[in-house]
Amino acid sequence: MSNAQVLTLNRYWQVPDLVVVGIFAAVVKVSSILVALMGGGMNPLTLILKNVIFTALLVVMLYKVRKFGTLTLFLVISAIISALMLGGSLVLIPASILAGLIAEGVIMALGGYRFTWSIMVGVAIYDLLSKTIGLGFSWLMMREEPRIIAMVAVIVAIGYIGSIIGLFVGRYFVKELRHAGIIRH
């Protein structure tokens, strides 16, 4: 590798981009905990609200840091925060990262991070795939009764309603942040 190639590789992730990804990962975790605590646990309303916040912040972050790998980096950092702070399930981390890689491929296939709609489609696919793969892992690992998995699937579907709402909330946030000059793309 020549020096020019090494410099190009080193400049792919700028420090401000990494800071934004880290801050968003922490804010998503803290807001999820706060919503659950303030809502009295995981009831349908808090489940929807938690997913609205997660998806909206994810759309804003991907719009702010428009690079391939941002979603995957965010998911890895979130997994580390979840494992260290919350004792999160390590079994679901591969499902989340796999869904993130597929979603990033979809975003790139739809024109990349230049378009808000391709980011929204990618985030929607990520949410759907991560929840579906997570349910599949749960069924495979636990060998639960199909009725129990069906009940969990209903709960996940309620949460996905929040994710769909979060896509449009995130698009609105992006529009407002552009007007405020915080996002300059």
- Selection count, region 94-107, where residues are of a type outside the set (D, E, K, R) and either open to solvent by 90 Å² or more (accessible area, probe 1.4 Å) or within 17 Å of residue 21 (Cβ to Cβ) (or both): 6
- Message: Suppose we keep only residues that are of a type in the set (Gly, Ala, Ser) and outside any loop (DSSP other than H, G, I, E, B) within region 35-86. Which one would you say is farthest from the chain's Cα centre (by Cα)?
- Response: 36
- Is there any pair linking a residue in region 90-108 that is in contact (Cβ under 8 Å) with a residue 40 or more places away in the chain to one that is among the aromatic types (Phe, Trp, Tyr) and surrounded by fewer than 17 Cβ atoms within 10 Å (Cβ to Cβ), with Cβ under 7 Å and at least six apart or on different chains, and which? 91/137; 92/137; 95/137; 108/68
- Query: Does region 109-118 include one or more residues that are small (Gly, Ala, Ser) and open to solvent by 50 Å² or more (accessible area, probe 1.4 Å)?
  - Reply: yes
- Positions within region 141-175 being open to solvent by less than 80 Å² (accessible area, probe 1.4 Å), assigned to a helix (DSSP H, G or I) and free of Cβ contacts under 8 Å to residues at least 24 places away in the same chain, in sequence order: 148, 149, 150, 152, 153, 157
- Task: Examine region 38-58 for a residue that is of a type in the set (Lys, Arg) and at pLDDT 90 or above, and state whether such a residue exists.
- Result: yes
- Message: modelled with pLDDT of 95 or more, crowded, with 17+ Cβ neighbours inside 10 Å and within 23 Å of residue 53 (Cβ to Cβ): is that true of residue 125 in this structure?
- Response: yes
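The values are calculated or read from the model by the stated rules, or taken from the named source; none is laboratory data. Since this is a predicted model, take the numbers as computed values, not measurements. Cβ coordinates were reconstructed from backbone atoms using ideal geometry, including for glycine residues, and neighbour counts include every protein chain displayed. Accessible surface areas use protein heavy atoms only, side chains included; no ligands, DNA or RNA. Shrake-Rupley method; radii C 1.70, N 1.55, O 1.52, S 1.80 Å.
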